[in-house]
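What follows is one structure encoded as structure tokens, with my remarks underneath.
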Amino acid sequence: MKKTEQAAVADLRDEYPRFTPEMKHTHKILVPDMLPVHFDIIVNFLRRDGWDFEVLHNDTRAVIDEGLKHVHNDTCFPALCVTGQFIDALKSGKYDPDHTAVMITQSGGGCRASNYIPLIRKALKAEFPNVPVISLNFAGLEKDSGFPVNAKLLLKFIFAIFYGDTLMSLYNQCKPYECEAGASDEARGDCLRAIGDAFERGKYRRYKAIVRSMLERFLKVRRTGEAKVRVGIVGEIYVKYSPLGNSHLEEFLLSEGCEPVVPALMDFIMYCAVNNLNDARLYNKKSLSTPVFGLVYRYLLRVQRKIIRMTEKAGFEPLHDFEHLRKCADKVIHQGVKMGEGWLIPAEMAALAETGTENIVCAQPFGCLPNHIAGKGTIRTLKQMYEHENIVAVDYDPSATKVNQENRIKLMLATARENLAAKQEKH
Ligand code: SF4
């Protein structure tokens with residue numbers, strides 16, 4: 001880097017406002033809308049710990065327009081959505097810019113997601129120069145404006161993600177089949193309250209009891225038992241989960257009478273841990289943290305497998321076992337392909353096909369290189385391996401219209417319905 005460029009970077013580093021520990025008591029922290037159920041659980045326990053968090057739900061066209069004003073449209077679509085959502089919320093007049101901060105997660109991987117923070121800072125500098133940006137990461141990034149994470153908090157995040165995944169999956173397995181309208185929403189509300197109580201009483205690690213109570217509650221939702229088209233959702237992590245990023249894809253599938261099958265967020269966490277271990281094995285990049293990642297991975301796998309067994313026993317479809325996902329990845333792509341969501345995308349598509357979900361939407365931000373290679377680029381191979389797999393790759397970007405995206409999905413659903421009818425005729 002030239003000396004002038006170095007000076008410019010140093011200037012930018014000095015100019016942005018930092019989030020200091022005292023601000024915990026004076027500032028509201030806004031987080032972008034990504035996983036509604038998971039973020040509900042997380043924000044609830046953080047509020048109980050004295051933090052003033054709020055998940056944003058603004059998702060009008062104004063959000064995208066604000067994003068376009070501040071982020072070049074060649075940049076990743078998730079960066080544009082997140083920046084636009086922050087600026088739009090701050091412009092709404094609901095928040096005092098002198099007592100508001102915004103937070104974003106950083107995976108610490110090699111992809112551009114690790115660099116969204118300077119883009120958000122640049123946008124805020126132009127509109128709300130006093131608003132600090134906080135980084136939530138477990139890779140030691142942004143030490144001067146990061147969110148303090150200790151072992152206890154980390155454990156809380158882990159269990160909140162396990163519970164969020166289980167709740168999301170049980171809800172999706174009941175909602176399309178419920179006999180009484182709204183019964184699944186009531187069950188979800190009850191479970192969220194029970195999880196909140198467990199965190200409040202410090203009993204959040206009793207995952208067997210908590211998962212059992214969720215299973216029992218959803219078993220009370222009477223279901224019709226009819227066969228419906230099941231549609232898996234895979235892809236880049238933001239557009240896969242965020243209603244703003246994927247134009248409310250889950251809701252759309254439900255409105256079309258389908259069952260959305262959404263893989264777990266925990267898969268992405270375990271994917272990051274395994275990539276660290278693979279770096280040591282494949283690229284000789286062993287560090288002091290490598291054994292720690294090994295320990296964490298084994299612990300997560302143990303909890304995941306226990307939850308899978310309990311879910312199966314209750315008669316629900318379980319989420320994927322991560323070791324099974326790794327085996328699925330090995331059939332299609334090398335585990336060294338780890339930029340962005342990398343090998344996890346084809347692994348999930350293969351695992352969905354092997355567990356009876358042959359219809360898949362591969363949601364990808366337009367211009368996302370990792371997703372185009374590891375997602376769209378592997379579809380042909382997957383279709384050769386699983387002949388009934390019915391996949392549609394849908395681009396999400398600021399100029400794509402919802403109608404266009406939905407029409408592409410409707411074409412895929414037409415084939416899915418034909419396949420389902422043919423299967424039912426056979427039996
Ligand atoms: S995975 Fe795609 S959208 Fe996400 S940071 Fe990387 S290039 Fe951008």
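The values are calculated or read from the model by the stated rules, or taken from the named source; none is laboratory data. Note that the structure is predicted; figures quoted are calculated from it, not measured. In this analysis, Cβ positions are derived from the backbone assuming ideal geometry, glycine residues included, and neighbour counts consider all displayed protein chains.
Among residues of the stretch 58-101 being more than 12 Å from the ligand (Cβ to nearest atom), of a type in the set (Val, Ile, Thr) and without any contact (Cβ under 8 Å) to a residue 60 or more places away in the chain, the one that is surrounded by the most Cβ atoms within 10 Å (Cβ to Cβ) is Thr83.
Checking each residue in the stretch 253-289 for being touching a strand residue (DSSP E or B) at 6+ places or on another chain (Cβ under 8 Å) and either assigned to a helix (DSSP H, G or I) or of a type in the set (Phe, Trp, Tyr) (or both) picks out Leu253, Leu254. Looking only at residues in the stretch 125-135 that are in contact (Cβ under 8 Å) with a residue 40 or more places away in the chain and outside any loop (DSSP other than H, G, I, E, B), the one that is surrounded by the most Cβ atoms within 10 Å (Cβ to Cβ) is Val133. None of Ile117, Ile104 is assigned to a helix (DSSP H, G or I), at pLDDT 85 or above, under 21 Å from Met23 (Cβ atoms) and within 16 Å of the ligand (Cβ to nearest atom) except Ile117. Taken together, Ala329, Ala351 contain a single residue that is in contact with a helix residue (DSSP H, G or I) (Cβ under 8 Å, 6 or more places away or on another chain) and without any contact (Cβ under 8 Å) to a residue 24 or more places away in the chain, which is Ala329. With respect to being farther than 14 Å from Asn246 by Cα and free of Cβ contacts under 8 Å to residues at least 60 places away in the same chain, Ala393 falls outside the description.
When you scan the stretch 136-153, do you find a residue that is within 27 Å of Asn278 (Cα to Cα), part of a helix (DSSP H, G or I), more than 16 Å from the ligand (Cβ to nearest atom) and touching a Lys or Arg at 6+ places or on another chain (Cβ under 7 Å), even just one? Scanning the stretch 136-153, I find no residue that is within 27 Å of Asn278 (Cα to Cα), part of a helix (DSSP H, G or I), more than 16 Å from the ligand (Cβ to nearest atom) and touching a Lys or Arg at 6+ places or on another chain (Cβ under 7 Å), so the answer is no.
Scan the stretch 360-372 and give yes if some residue there is more than 16 Å from the ligand (Cβ to nearest atom), within 24 Å of the chain's Cα centre (by Cα), surrounded by 16 or more Cβ atoms within 10 Å (Cβ to Cβ) and assigned by TED's automatic domain parsing to the domain that holds Met339, otherwise no. Checking the stretch 360-372: at least one residue is more than 16 Å from the ligand (Cβ to nearest atom), within 24 Å of the chain's Cα centre (by Cα), surrounded by 16 or more Cβ atoms within 10 Å (Cβ to Cβ) and assigned by TED's automatic domain parsing to the domain that holds Met339. What residue, of Gly356, Gly340, is farther than 24 Å from Ser242 by Cβ and modelled with pLDDT under 95? Answer to the check: Gly356. Within the set Lys402, Lys376, Lys331, Lys426, the sole residue that is farther than 19 Å from Glu259 by Cβ and at pLDDT 95 or above turns out to be Lys331.
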